[in-house]
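All remarks here apply to the structure that follows.
The values are calculated or read from the model by the stated rules, or taken from the named source; none is laboratory data. From a predicted model like this one, the values you see are computed outputs, not experimental measurements. Cβ placement follows ideal geometry from the backbone for every residue including glycine, while neighbour counts extend to all protein chains displayed.
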Amino acid sequence: MSEPPENKHRGSGPRSARKAGFEEIPLDLSRVPSVEEGLADAAERRRSFAQIAKEGLGKGPGQLLFREHLPYASFINRASSLHAGIVSAVREENPHAAFSLLRAYLELVVLVLYIDTNPEYLGALERPLSEQPKGARKRFSELFEAAAKEMAGVRQVYATLSEMAHFGSTAMWIPFTIDDEEDRTLSFSTGPHWKKPDDARIALAMLQESDEAMVEVLRRYLAHHITPTVEQFHGRERIRRALAAVGGEVLDEEREVGTLPAEVAAEALAAGLLTWCAEHDALEVADAVTPERFEEWVQARLGDEGRD
């Protein structure tokens, strides 16, 4: 019989020498001293999803919303939902549900990790598969292969969990236990139960690892895609207000088109704050010019005008 996913060494020795992601990584059960403590810790960790949502989406009405926010919210919703499902399965002593949901959770982690470095892949997820050309979406084997460059042992963990989720050998032998080693008495259950005493702690330890990995990839997405977009917007707004203070007028906010008094435009061009764009046949903010520099220039110019 094959063993269920309670073996503490989740890697495969022969394969780990050949392929990244199949390394042998021990599962630290000391972090889950008991099922009760593991469940309490899991409840505390779930609150982190609400906190990281506030960090990226803000709190209350009137918050900025960009395209980058939408998948972020979806990632958090799915992570929190899978977390809750795994906790419920542990409470119900249901290994089929617990380990199958852990597999789905691990898929989400590697998907967000991939999207962080390949944000264009979101286009393949926004529409139903039936509306896309063949090959638009990657196989999860490809995503796990990419994740293995950074996440040691991740492919072996996924293979182990898939044996349960796809009714492989692990799932096949879950119902059976040998009650008497001497007489070899075999019993089976028609309902969910843990095959071995530590199975619940193993599921909770794997959930802990998945939660920590999920928060890490969410923070990366936040730092690489949401924060820069929001900061860029606020920077453009500061420059717009600075130019308005010296006579600038916005004609089209969506296209970021406006007018400036000729004298002001000439001075800003001479100061290196604006540059001529031949493609658009218009003045544009020069590269690497910060809002602070614009504001300092405007303050100095207004000060000079006051002295005149």
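Which members of the stretch 35-74 meet the condition of being surrounded by fewer than 13 Cβ atoms within 10 Å (Cβ to Cβ) and under 19 Å from Ile202 (Cβ atoms)?
Those that are surrounded by fewer than 13 Cβ atoms within 10 Å (Cβ to Cβ) and under 19 Å from Ile202 (Cβ atoms): Glu36, Ala40, Ala43.
Which one of Phe167, Phe140, Phe144 is surrounded by 12 or more Cβ atoms within 10 Å (Cβ to Cβ) and free of Cβ contacts under 8 Å to residues at least 24 places away in the same chain?
Answer to the check: Phe167.
Would you confirm whether or not the stretch 280-297 contains a residue that is surrounded by fewer than 19 Cβ atoms within 10 Å (Cβ to Cβ), under 29 Å from Pro71 (Cβ atoms), of a type in the set (Lys, Arg) and not assigned by TED's automatic domain parsing to the domain that holds Ala171?
no
Test of understanding: among Arg139, Arg127, Arg103, Arg91, which residue is touching a helix residue (DSSP H, G or I) at 6+ places or on another chain (Cβ under 6 Å) and of a type outside the set (S, T, N, Q)? Reasoning before the result, please.
Working: Arg139 fails: touching a helix residue (DSSP H, G or I) at 6+ places or on another chain (Cβ under 6 Å); Arg127 fails: touching a helix residue (DSSP H, G or I) at 6+ places or on another chain (Cβ under 6 Å); Arg91 fails: touching a helix residue (DSSP H, G or I) at 6+ places or on another chain (Cβ under 6 Å).
Answer to the check: Arg103.
Condition check: free of Cβ contacts under 8 Å to residues at least 60 places away in the same chain, assigned to a helix (DSSP H, G or I), in contact with a helix residue (DSSP H, G or I) (Cβ under 8 Å, 6 or more places away or on another chain) and within 26 Å of Thr227 (Cα to Cα). Does Ser74 satisfy that?
So Ser74 fails the test.
Which numbered condition in (1) assigned to a helix (DSSP H, G or I); (2) touching a Lys or Arg at 6+ places or on another chain (Cβ under 7 Å); (3) more than 30 Å from Thr170 (Cβ to Cβ) is the only one that Gly303 fails?
Exception for Gly303: condition (2).
Across the stretch 196-214, what is the total count of residues that are in contact (Cβ under 8 Å) with a residue 12 or more places away in the chain, of a type outside the set (Asp, Glu) and either surrounded by fewer than 17 Cβ atoms within 10 Å (Cβ to Cβ) or not assigned by TED's automatic domain parsing to the domain that holds Ile86 (or both)?
1
Out of everything in the stretch 81-111 that is under 12 Å from the mean Cα position of the chain (by Cα) and surrounded by fewer than 22 Cβ atoms within 10 Å (Cβ to Cβ), what residue ends up being farthest from Val35 (Cα to Cα)? First the steps, then the outcome.
Pass one, the stretch 81-111, residues under 12 Å from the mean Cα position of the chain (by Cα): 105-111.
Subset that is surrounded by fewer than 22 Cβ atoms within 10 Å (Cβ to Cβ): 107-108, 111.
Details: Glu107: 25, Leu108: 25, Leu111: 29 Å.
Restricting to residues being under 12 Å from the mean Cα position of the chain (by Cα) and surrounded by fewer than 22 Cβ atoms within 10 Å (Cβ to Cβ), the top hit is Leu111.
Can you find a residue in the stretch 22-34 that is at negative phi, in contact with a strand residue (DSSP E or B) (Cβ under 7 Å, 6 or more places away or on another chain) and surrounded by 12 or more Cβ atoms within 10 Å (Cβ to Cβ)?
The answer is yes, given that some residue of the stretch 22-34 is at negative phi, in contact with a strand residue (DSSP E or B) (Cβ under 7 Å, 6 or more places away or on another chain) and surrounded by 12 or more Cβ atoms within 10 Å (Cβ to Cβ).
Has the stretch 201-216 got at least one residue that is among the basic types (Lys, Arg) and in a loop (DSSP other than H, G, I, E, B)?
No - not one qualifying residue is present in the stretch 201-216.
Give, as residue ranges, the helices (runs of 4 or more DSSP H) completely inside the stretch 121-197 that count at least 1 residues that are under 16 Å from Leu108 (Cβ atoms) and at pLDDT below 90.
Per the criteria, 154-165.
With respect to Ala266, determine if the residue is assigned to a helix (DSSP H, G or I) and surrounded by 16 or more Cβ atoms within 10 Å (Cβ to Cβ).
No: the conditions fail for Ala266.
Go through the stretch 20-71 and give me each residue that's without any contact (Cβ under 8 Å) to a residue 40 or more places away in the chain and acidic (Asp, Glu).
Glu36, Glu37, Glu44
Within the stretch 257-280, does at least one residue satisfy the condition of being touching a residue at least 40 places away in the same chain (Cβ under 8 Å), in contact with a strand residue (DSSP E or B) (Cβ under 9 Å, 6 or more places away or on another chain) and of a type outside the set (Gly, Ala, Ser)?
no
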